[in-house]
Amino acid sequence: MRWRSFVAVGDSFTEGMDDPYPDGTYRGWADLVATRLAAEAGPDFRYANLAIRGRLFPNIVANQIPEALAMKPDLVSFAAGGNDVLRRTFDGDGLVSRFDEIVGQLRANGSDVLIFRFADVMARLPGQRLVRPRVELLNRAVGETAARHGAILVDLYADDTYLNPLLWSTDRLHLSPAGHRRVAAQVLTALGVGCDEEWLMVPAHPEPTPWLAARAADLRWAGQHLAPWIKRRLTGRSSGDTVTAKRPSLSPISD
């Protein structure tokens with residue numbers, strides 16, 4: 001086992017929303033992966049998760065990346081840009097160039113680096129015409145960056161299983177517990193580490209919802225999730241404004 005330390009960097013995807021622990025904090029795929037790596041590596045294994053929901057790419061790069069570089073971990077996961085593609089100010093070329101640069105820095109620092117092609121979250125969200133080309137741009141760049149720097153690519157976009165709505169939470173944007181388990185399994189597979197086969201099991205795809213019931217569900221979703229999101233954008237607020245990293249330093253997985 002060559003990884004004795006793992007640092008996870010990013011936003012809500014890596015923080016673990018919406019896969020709650022009993023105390024209300026979030027677990028998510030990164031915690032699941034860390035637990036499995038710790039079982040392989042033994043008591044010397046250390047894990048940090050710096051990810052915070054709502055963070056944009058520049059904030060992640062300015063704050064989390066320097067911390068990750070300073071820790072000099074054996075393994076780093078870097079997933080960022082998902083919040084940026086939803087903003088009017090999205091600068092695709094600038095983000096792609098900076099993404100490549102950061103992965104190069106992490107690799108030069110001696111870390112193996114995990115990067116992701118994002119799953120197709122837009123299938124059930126408004127704004128597909130605007131956002132989908134941005135996601136495709138970012139996903140293409142991720143693949144090219146992985147090849148250029150020898151990073152470990154986890155291709156969620158190629159997995160049509162993520163079209164199953166039961167892999168997503170009620171907000172339609174974050175993964176459900178089943179979704180996080182599947183990501184964890186795919187990460188461990190990419191690392192060449194075995195995992196619980198149940199993590200790859202997916203709930204049966206639900207039957208199609210009658211049109212009227214589907215529209216009623218859309219209205220409830222818009223009131224509960226879309227409207228608060230829009231309000232935060234208009235007021236310059238973020239869901240992560242009062243949130244700090246759940247594991248800000250490398251520590252044993254039992255901590």
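The values are calculated or read from the model by the stated rules, or taken from the named source; none is laboratory data. Just so it is clear, the structure is predicted and the values come from calculations on it, not from any experiment. A quick note on method: Cβ atoms are made from the backbone with ideal geometry, for glycine too, and the neighbour counts reach across all protein chains shown. Accessible surface areas use protein heavy atoms only, side chains included; no ligands, DNA or RNA. Shrake-Rupley method; radii C 1.70, N 1.55, O 1.52, S 1.80 Å.
Against the numbered list (1) in a loop (DSSP other than H, G, I, E, B); (2) farther than 27 Å from Ala178 by Cβ, Asp18 comes up short only at (2).
Reported count of residues in the stretch 235-247, each being open to solvent by 80 Å² or more (accessible area, probe 1.4 Å) and within 16 Å of Thr25 (Cα to Cα), is 3. Within the stretch 1-25, if we keep just the residues that are among the hydrophobic types (A, V, I, L, M, F, W, C) and closer than 15 Å to His174 by Cα, the residue that is nearest to the chain's Cα centre (by Cα) turns out to be Phe13.
Select, from Val113, Val142, the only residue that is open to solvent by less than 10 Å² (accessible area, probe 1.4 Å), part of a helix (DSSP H, G or I) and closer than 19 Å to Ala184 by Cα. One residue alone meets the criteria, Val142. Within the option set Gly81, Gly92, Gly54, being modelled with pLDDT under 95, closer than 17 Å to Val183 by Cβ, open to solvent by less than 20 Å² (accessible area, probe 1.4 Å) and out of contact with any His (no Cβ under 9 Å at 6 or more places or on another chain) holds for one residue only, Gly81. In the condition set (1) under 17 Å from the mean Cα position of the chain (by Cα); (2) free of Cβ contacts under 8 Å to residues at least 40 places away in the same chain, Pro177 is compliant with all but (2).
Taking every residue in the stretch 14-38 that is of a type in the set (Val, Ile, Thr) and pairing it with any residue that is open to solvent by 10 Å² or more (accessible area, probe 1.4 Å) and not in a helix (DSSP H, G or I), at least 6 positions away or on another chain, the pairs with Cβ-Cβ distances below 7 Å are Thr25/Lys246; Thr35/Ile253.
Yes or no: Asp100 over 19 Å from the mean Cα position of the chain (by Cα) and at pLDDT 95 or above? Spelling it out, it is not the case that Asp100 is over 19 Å from the mean Cα position of the chain (by Cα) and at pLDDT 95 or above.
Among the residues of the stretch 1-45, none is identified as in contact with a Cys (Cβ under 7 Å, 6 or more places away or on another chain) and open to solvent by less than 10 Å² (accessible area, probe 1.4 Å).
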